[in-house]
Amino acid sequence: MYQEAVASYNAVFPDQPMVAQYRSHINLMQVHVPDEMAQNFSDDNALRVLLHNWILLDWVDHAYTYGVVYLKQQFHSPIMSMDIFHKIDNERLQRLSHYGTSPAIPQWDGWREISEDDHY
């Protein structure tokens, strides 16, 4: 989904394509969506946040493993409904079939599983 959004952005703005940003300091902040707004936060909203912050495809691809672990943990909690999980998982399987497995950034390997300490 993000791959298509970046391609669309690059087509609309060919003079300013999405390219790697190399800086000595990068500040990433978690998006906070109030609980009452969560049901209205769409895929399009998430894509716009990623594009606005120049989050690169490589970064999103590298986060794939983290995302799968997170979804599995949520799936086994009483908060996530089975219908939502299956919808997300079916989309994931379709994209894997179309694009293949996302490559990781070797320098960033060594992910650890999320814990309760990671939540704010």
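Each reported figure results from applying straightforward, stated rules to the coordinates on display, with no laboratory input. It should be emphasised that the depicted structure is a prediction, and the values quoted were computed from it without experimental measurement. Positions of Cβ are generated from backbone atoms using ideal geometry, with glycine treated the same way; all protein chains shown enter the neighbour counts.
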Point to revise | HN-Hα J in Hz across region 43-58 - Karplus 6.51, -1.76, 1.60, θ = phi - 60°, x for Gly and Pro | key: 4, 4, 4, 4, 5, 5, 5, 5, 5, 4, 8, 6, 6, 7, 4, 4
Exercise for review: Subtracting the Cα-Cα distance from 0.36 nm times the residue separation, let me have the gained length for HIS32 to TRP54 in nm, one decimal.
Suggested key: 6.1 nm
Review point. Roughly how many nanometres apart are two label points built 7 Å out from the Cα toward the Cβ at ILE84 and ASP43?
Key: 1.6 nm
Revision key, fill the gap. Between the modelled labels at THR65 and TYR99 (7 Å from Cα along Cα→Cβ) the distance in nm is 1.8 nm
Practice item. Please turn the phi angles of region 12-19 into ³J(HN,Hα) values with the Karplus equation 6.51 cos²θ - 1.76 cosθ + 1.60 (θ = phi - 60°), one per residue in order, whole Hz, x for glycine and proline. Key: 6, 10, x, 7, 9, x, 5, 10
